[in-house]
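Worksheet: the structure to be examined is printed underneath.
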Amino acid sequence: MWTPDGWEISFRRQVNDWEITRVADFLNTIGQFKGTQEGEDEFWWQGTDRGTFRVGKAYRWLNSHNQQNVNRPWKTIWKVNIPYKVSCFFWLLSKEAVLTQDNLMEKGIILCSRCVFCREQAETVRHLFLHCKITCHLWRLFINLKGFSWTIPGKVTEALQSWEEAGVLARSRSRWRIIPASIWWTILKERNSRCFENIENSIEQIKSNCILILCFWCNQIRSNDLVSIIDVLDSL
Ligand SMILES: [Zn+2]
C-alpha cells in the first residue's frame, strides 16, 4: 500500500537469497512513484489527454496494439449493402467463430465431424466456406463470369482481402463486395437445411439460390425476373 510517507510493503513469505536482486529491482521500480496530489479520487483513462473514455479512441488503440486487426478487411464487411443479420454472420465468419462442427468440438461438444456437402472432410470453417467442392462451385461461378483466375486463400480474412483486390477490375465495386456474402449465406442456409430439415438441393439449385440472393441484395429484383438477373450479372 502507498502512503504519503512511502510504500508499506509486507511479503507473504520470507524472501530467498536468490530473490533479493529481484526484490531490489521491484522496490526501485515502485520507488519512482512520487505519490498523488491532493484531490478527490477519480477514474482516469490513459487513452486520452483528458482521461475520458472514448469508444473511437479505444478502438484505434486496440487496433494499434493488435496486429491481427490491422489487415482485417472491415470495409468489406460492414460497408456492404446486405441485411444487418447477414453482416453479423459475415463478421463472425471473418473471425472464424461461426458454430461449425470444429468450433462446437472446441466448446466440448463431442461430434464425429463430417462435412455435410462432400462427406469427405471434417467440417471446419475454412473447409465449409472456402474449400469444399460445393463452395468452390459458387466461387467459380463468379470467377468464370469475369474470366480471371483466382486461387482461394487459406483463411476467411485473406479470401475477403483477395476478393477485394480482384474487385479492382469489377464494373461495380459495391456489388462485387456482396458476392462473398451471398456465397456464404447460401452455403449456411443449405448446410442448415441439410442438417436440420433433411432437405438437400442440387448443385444447380444451390447456384441458382446464390444468384437470386445476390440479385435481391442488389435491389434489382423482387422475383425470378430473368432480365434483371442478367442485368445484375452484367454489371459485376
Ligand atoms: Zn465438404
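The values are calculated or read from the model by the stated rules, or taken from the named source; none is laboratory data. Because the structure is predicted, anything quoted here is derived from the model rather than measured. In this analysis, Cβ positions are derived from the backbone assuming ideal geometry, glycine residues included, and neighbour counts consider all displayed protein chains.
For segment 136-159, the candidate set comprises residues that are within 15 Å of Leu93 (Cβ to Cβ) and surrounded by fewer than 16 Cβ atoms within 10 Å (Cβ to Cβ); within that set, the residue that is farthest from the chain's Cα centre (by Cα) is Gly154. Candidates in segment 140-157 are the residues that are assigned to a loop (DSSP other than H, G, I, E, B) and among the β-branched types (Val, Ile, Thr); of these, the one that is nearest to the ligand (Cβ to nearest atom) is Ile152. Of the helices (runs of 4 or more DSSP H) that lie entirely inside segment 60-107, those containing 1 or more residues that are surrounded by 16 or more Cβ atoms within 10 Å (Cβ to Cβ) and modelled with pLDDT of 90 or more span 84-94.
Evaluation of Phe89 against the conditions (1) within 16 Å of the ligand (Cβ to nearest atom); (2) within 16 Å of Ile187 (Cβ to Cβ) shows that the sole unmet condition is (1). Restricting attention to segment 160-175, the residues that are surrounded by fewer than 16 Cβ atoms within 10 Å (Cβ to Cβ) and not polar (S, T, N, Q) total 5.
Count of segment 123-139 residues, restricted to those that are β-branched (Val, Ile, Thr) and more than 9 Å from the ligand (Cβ to nearest atom), is 2. Can Leu128 be described as touching a residue at least 12 places away in the same chain (Cβ under 8 Å) and within 19 Å of the chain's Cα centre (by Cα)? When the stated conditions are applied, Leu128 passes them.
Does any residue of segment 160-169 turn out to be assigned by TED's automatic domain parsing to the domain that holds Cys195 and either in contact with a Leu (Cβ under 6 Å, 6 or more places away or on another chain) or not in a helix (DSSP H, G or I) (or both)? Checking segment 160-169: not a single residue is assigned by TED's automatic domain parsing to the domain that holds Cys195 and either in contact with a Leu (Cβ under 6 Å, 6 or more places away or on another chain) or not in a helix (DSSP H, G or I) (or both).
Checking the structure you have, find out if any residue of segment 14-25 is surrounded by 10 or more Cβ atoms within 10 Å (Cβ to Cβ), assigned to a loop (DSSP other than H, G, I, E, B) and free of Cβ contacts under 8 Å to residues at least 40 places away in the same chain. Looking through segment 14-25, at least one residue is surrounded by 10 or more Cβ atoms within 10 Å (Cβ to Cβ), assigned to a loop (DSSP other than H, G, I, E, B) and free of Cβ contacts under 8 Å to residues at least 40 places away in the same chain. Tell me, yes or no, whether segment 176-192 has at least one residue that is in contact with a Cys (Cβ under 7 Å, 6 or more places away or on another chain), assigned to a helix (DSSP H, G or I) and exposed (fewer than 15 other Cβ atoms within 10 Å of the Cβ). No, there is no match, as no residue in segment 176-192 is in contact with a Cys (Cβ under 7 Å, 6 or more places away or on another chain), assigned to a helix (DSSP H, G or I) and exposed (fewer than 15 other Cβ atoms within 10 Å of the Cβ). For Lys133, the test of being within 30 Å of Ile199 (Cα to Cα), among the basic types (Lys, Arg) and in contact (Cβ under 8 Å) with a residue 40 or more places away in the chain is failed. Consider segment 199-236. How many of its residues are outside any helix (DSSP H, G or I) and either touching a Phe, Trp or Tyr at 6+ places or on another chain (Cβ under 6 Å) or at pLDDT below 90 (or both)? Matching residues across segment 199-236 total 9.
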